[in-house]
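Working notes, beginning with the structure itself.
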Amino acid sequence: MKKGNVRTLDGIIYSLFIFMTIVTLFIIYRDIPSNAVLNFVTAYAIFAILIPLYILVRVLFTVKHFTFEEVKKEGVKFLMFFIGIMMLNFVGDFLLPLPDLKLSKMLPSSLGFAFGITCFDIVLSKRTK
């Protein structure tokens, strides 16, 4: 597929996901009982599971064409996001101490957020060759 087609497909998928998220939140808020609603929410749940897989595949295909310098740059960006999010967690824990907030809970969430931000940056950025 050409880059323009892939960008269009990405835009459609992300827009559909945002639209389905808003509709699902509205359905849950209004507590609308119906078989069609159940089917829609089930389709949304399946779609929400498949989107990270799609993003991971897109990242892998994009990173495959990176030079070593670009990979190093993205790795540094990932580390900076990870350290920044961990610092925000520590500051938040210092300002609003919670009894059950531990490093074992902070580490995976910070790692996941940093990984997600970096992946979205790789997928959504316009790179020129």
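The values are calculated or read from the model by the stated rules, or taken from the named source; none is laboratory data. Source: prediction; values computed, not measured. All Cβ positions, glycine included, derive from the backbone under ideal geometry; neighbour counts span all protein chains shown.
Hey, does region 71-89 have a residue that's within 30 Å of Leu9 (Cβ to Cβ), of a type in the set (Gly, Ala, Ser), part of a helix (DSSP H, G or I) and outside the structural domain of Ile13 (by TED's automatic domain parsing)?
There is at least one residue in region 71-89 that is within 30 Å of Leu9 (Cβ to Cβ), of a type in the set (Gly, Ala, Ser), part of a helix (DSSP H, G or I) and outside the structural domain of Ile13 (by TED's automatic domain parsing).
Filtering region 12-36 down to residues that are within 16 Å of Leu124 (Cα to Cα) and of a type in the set (Ser, Thr, Tyr), which residue is surrounded by the most Cβ atoms within 10 Å (Cβ to Cβ)?
Tyr14
Phe61: modelled with pLDDT under 90 and part of a helix (DSSP H, G or I), yes or no?
yes
Residue by residue through region 1-50, note down the ones that are of a type in the set (D, E, K, R) and without any contact (Cβ under 8 Å) to a residue 12 or more places away in the chain. If you could, list the steps in order and put the result at the bottom.
At the first step, the residues of region 1-50 found to be of a type in the set (D, E, K, R) are 2-3, 7, 10, 30-31.
Selection gives Lys2, Lys3, Arg7, Arg30, Asp31.
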